[in-house]
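Reading through the structure tokens given below for one structure.
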Amino acid sequence: MLKLNKVEPTTKNQETVFQSWKDGDNLVLNGSAGTGKTFVSLYLALEKVLSKSRIKKLIIIRSVVPTRDLGFLPGTVEEKLSAFETPYVNMCGDLFNDKGSYELLKTKNKLEFYSTSYIRGTTFNDAVILVDECQNLNFHELDSVITRVGHNCRIIFAGDYYQSDFKQQKEKEGIVEFIDIIEQLNKFTVVEFDWKDIVRSDFVRDYIMTKEMIKK
């Protein structure tokens, strides 16, 4: 039986995330690398899924930039996607103190992983939907994802629109246009993380702080 370790917020922005989620809001978490956006999102989503609630599973969605066309990769769809699941495998290992927890959650139908290439025609019900690395989704893909939401769902978008892998400016601006819409909706909280929220290491915080100061 998997037991989820307790995670507490460590910065003011993380406290905002926890409280907003507790209040029933959906979330958009944007900002610097190393601020725990994905880790916190995964924790809150799994806590909800594993509680006695009507939400039954976690859906993780991300793009596979720069190889959106998975036909170039060998193997089955599952094998092609597995390379992009590694961060979540590792995070689940930390959250449960069990390296096999991610695959166990999938086996028990508590967790599913999707590329944006494979969600057309799909409706998600009774789920928490985590859209990770959302800066690498163009507006059409973001629009496609949010219109997959069915009954009894919560959704979290996590990313950093300053680190997009897109080459074309129009595609890079898709996330900004999308968030402009999201901010007008009820039950959405948008949290902007910066270098003061970096918890990965002092080294990463110093690097990002210096990079931002030089680029100004």
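Which value at 222 nm does the chain reach when only helices count, each DSSP H run of 4 or more adding -39,500 (n - 2.57), with the total divided by all residues and rounded to the nearest 500 deg cm²/dmol?
Helix-only estimate at 222 nm: -11000 deg cm²/dmol.
Quick check: residue separation of Leu50 and Thr122 times 0.36 nm, minus the Cα distance between them. What number comes out in nm?
So the extension gain works out to 23.6 nm.
Would you mind giving the three semi-axes, in whole Å and largest first, of the ellipsoid equivalent to segment 139-216 according to its Cα gyration tensor?
Those come to 28, 17, 11 Å.
Give the cross-link partners of Lys167 among the lysines, using a straight C-alpha distance below 20 Å as the criterion and excluding same-chain residues fewer than 8 apart.
Once the sequence-local lysines are set aside, what remains near Lys167 is Lys215.
How big is D for the chain, in µm² s⁻¹ as a whole number, if Stokes-Einstein is applied with the Kirkwood radius of its Cα pairs at 20 °C and 1.002 mPa s?
It diffuses with D of about 120 µm²/s by this estimate.
Output the relative contact order of the chain, whole-number percent, from Cα pairs under 8 angstrom with separation of 6+ residues.
Numbers: 328 pairs, mean separation 69.4, N = 216.
It rounds to 32 percent for the chain.
Using label points projected 7 Å from each Cα along Cα→Cβ, tell me how many nm separate Leu104 and Gln169, to one decimal.
It works out to 5.1 nm between the two label points.
Describe numerically, in nm with one decimal, the distance between label points set 7 Å from Cα along Cα→Cβ at Asp23 and at Asp180.
2.5
Taking the mean number of other Cβ atoms within 10 Å as a proxy for protection, how do you rank 203-211, 149-157 from highest to lowest?
Sorting 203-211, 149-157 by mean packing, highest first, produces 149-157, 203-211.
Where a Cα-Cα gap under 26 Å defines reach, which lysines qualify for Lys108, not counting those fewer than 8 residues away within the same chain?
Lys108 reaches Lys3, Lys6, Lys22, Lys37, Lys48, Lys52, Lys56, Lys57, Lys80, Lys99.
Restricting things to alpha carbons, find the Rg to Rh ratio for segment 80-132 using the Kirkwood radius for Rh.
Looking at segment 80-132, the ratio lands at 0.97.
Rounded, prolate or oblate: which one fits segment 1-61, using the alpha carbon gyration tensor with axes a ≥ b ≥ c (rounded when a/c is under 1.5, else prolate when a/b beats b/c, else oblate)? Walk me through the intermediate numbers first.
Details: a/c = 1.64, a/b = 1.54, b/c = 1.06.
Prolate shape, in that a/c is at least 1.5 and a/b is the bigger ratio.
Throughout, read-outs are computed from the coordinates displayed, never taken from laboratory work. None of these values were measured; they are calculated from a predicted model. All Cβ positions, glycine included, derive from the backbone under ideal geometry; neighbour counts span all protein chains shown.
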